[in-house]
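Notes follow once the structure below has been shown.
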Amino acid sequence: MKNLDFKEIKERALKIRKQYHQLEKDHHGSEWTVEEDALAFLTDAGLVGRYTMSQQGRWPKGNTNPELQHKLGECIWWLTVLADRMDIDINESVASFLTKTENLLGE
């Protein structure tokens with residue numbers, strides 16, 4: 001599989017989110033709010049923790065690697081969606097974080 005850049009990740013993520021918004025309208029009459037999206041992200045992030053524990057032999061559930069891989073990707077998707085919904089440039093956010101942290105650590 002090819003490496004994705006932030007631009008492609010964002011384009012694909014937002015296209016998928018738009019499709020989910022339509023499903024939400026069909027099932028519930030309205031799109032999820034930003035807060036509901038954030039809660040969904042936190043739920044998936046919690047599952048990353050649980051599946052990591054399983055992968056590392058600290059939780060008694062076998063073969064969670066496929067689920068862990070899926071949830072890691074889903075968390076990146078959610079972060080991309082959340083940033084867009086709150087008018088934050090995800091690319092700029094990551095670049096700024098990396099630069100600030102590198103400078104802090106003397107890189």
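The values are calculated or read from the model by the stated rules, or taken from the named source; none is laboratory data. Everything numeric in this text was worked out from a predicted model, so none of it was measured. Heads up, the Cβs are rebuilt from the backbone with ideal geometry, glycines too, and the neighbour counts pull from every protein chain shown. Note: accessible area is taken over every heavy atom of the protein model, side chains too, but ligands, DNA and RNA are not part of it. Shrake-Rupley method; radii C 1.70, N 1.55, O 1.52, S 1.80 Å.
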Check your understanding: Is it fair to say LEU72 is loosely packed, with under 14 Cβ neighbours inside 10 Å, at pLDDT 95 or above, of a type outside the set (Asp, Glu) and under 26 Å from LEU14 (Cα atoms)?
Key -> no
Check your understanding: Which helices (runs of 4 or more DSSP H) does the stretch 15-107 wholly contain that include 1 or more residues that are touching a residue at least 60 places away in the same chain (Cβ under 8 Å)?
Key -> 65-85, 90-104
Review point. Across the stretch 53-69, what is the total count of residues that are exposed (fewer than 15 other Cβ atoms within 10 Å of the Cβ) and under 14 Å from the mean Cα position of the chain (by Cα)?
Key: 1
Practice item. Can you confirm whether the stretch 40-50 contains a residue that is open to solvent by 100 Å² or more (accessible area, probe 1.4 Å) and either over 13 Å from the mean Cα position of the chain (by Cα) or at positive phi (or both)? Key: no
